[in-house]
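**Q** Pasting in a structure now, in structure tokens, and then I'll have a few things to ask.
The values are calculated or read from the model by the stated rules, or taken from the named source; none is laboratory data. Given the structure is predicted, the values throughout are model-derived calculations rather than measurements. Cβ sites come from the backbone with ideal geometry, for glycine too, and all protein chains shown count toward neighbours. Just so you know, the surface numbers come from the protein's heavy atoms only, side chains and all, with ligands and any DNA or RNA stripped out. Shrake-Rupley method; radii C 1.70, N 1.55, O 1.52, S 1.80 Å.
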Amino acid sequence: MTTLGIIGAGHIGSQVARAAITAGYDVVISNSRGPETLSDLVAELGPKAKAATAEEAGAAGDIVVVTVPLHALSKIPVEPLAGKIVLDTNNYYFERDGRVEALDKGETTVSQLLQEHLPTSKVVKAFNHIRSGDITTDVAAAGAPNRRALATSSDFPEAVDFVTTLYDELGFDTVDVSPLSESWRVERDRPAYVVRQTAAELEENLAKANRLP
Ligand SMILES: NC(=O)c1ccc[n+]([C@@H]2O[C@H](COP(=O)([O-])OP(=O)(O)OC[C@H]3O[C@@H](n4cnc5c(N)ncnc54)[C@H](OP(=O)(O)O)[C@@H]3O)[C@@H](O)[C@H]2O)c1
């Protein structure tokens with residue numbers, strides 16, 4: 001069985017854990033304060049979940065999810081994630097993260113910053129434009145009318161394939177907005193950001209996004 005290592009156990013990390021366990025994955029989840037602070041969450045998640053440090057979660061994951069505030073990006077362990085597909089849920093909130101000039105100028109994207117930090121990992125954007133609560137509730141079987149779609153983006157086709165399969169298992173269609181340099185189209189303040197949309201609507205919203213919001 002595939003193990004997801006999850007770095008960050010907040011709104012999104014805990015919800016991705018719940019959804020992935022329901023879909024049959026094992027989960028090793030971590031936060032900044034230590035595994036002992038995750039006992040309630042792990043008890044709720046059940047026997048397919050373990051708490052660990054960020055390094056341990058990264059090492060245990062066949063696939064790793066990074067879901068921390070952008071200001072903590074530099075603290076993400078590099079070596080345990082080497083060579084792995086790494087899902088990036090992060091968004092840029094200057095009010096929380098401080099100003100990042102290259103993002104303000106439209107010279108890079110949030111996920112390219114993580115890719116630079118993890119040069120041998122295969123970073124792929126995922127779950128960044130859905131409210132955490134909707135990850136377990138706004139779901140439908142493949143082929144259902146009006147099924148919600150989520151975007152993904154990567155420089156690595158195998159990472160896009162993994163996220164496409166995961167989204168489908170969890171109950172979402174996928175729209176691919178690769179390569180990572182195009183992922184600004186699904187960042188904050190663009191038309192596709194945190195709205196409910198089908199695949200056709202998401203494609204339209206991605207197409208009409210402006211480089212600087
Ligand atoms: N909330 C949403 O609906 C939503 C939707 C889409 C995308 N996002 C984006 O996804 C990211 C996570 O959002 P969130 O709402 O889940 O944040 P959150 O609820 O504030 O949780 C952040 C988590 O990251 C952990 N963390 C911080 N620094 C860490 C480090 N150095 N090592 C390991 N873990 C660390 C925190 O641990 P401690 O609590 O121990 O500090 C906490 O578990 C953000 O970039 C956010 O913008 C959020």
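**Q** So for the pair GLU107, ARG188, with labels modelled 7 Å out along Cα→Cβ, what separation do we get in nm?
**A** Calculated label separation equals 2.0 nm.
**Q** For the chain, what's the relative contact order in percent, using C-alpha pairs closer than 8 Å and at least 6 residues apart?
**A** Numbers: 451 pairs, mean separation 35.7, N = 213.
Relative contact order for the chain comes out at 17 percent.
**Q** Per residue, how much accessible area does the chain show when a 1.4 Å probe rolls over the protein heavy atoms, in square angstrom?
**A** It amounts to 44 Å² per residue over the chain.
**Q** What percentage of the solvent-accessible surface of the chain, computed with a 1.4 Å probe over protein heavy atoms, is contributed by carbon and sulfur atoms? Don't jump to the answer; show the numbers that get you there.
**A** Values: 4850 of 9320 Å².
Looking at the chain in its full context, I get 52 percent from C and S.
**Q** Give me the lysines in straight-line cross-link reach of LYS208: C-alpha distance below 29 Å, same-chain residues under 8 apart excluded.
**A** LYS105, LYS122, LYS125
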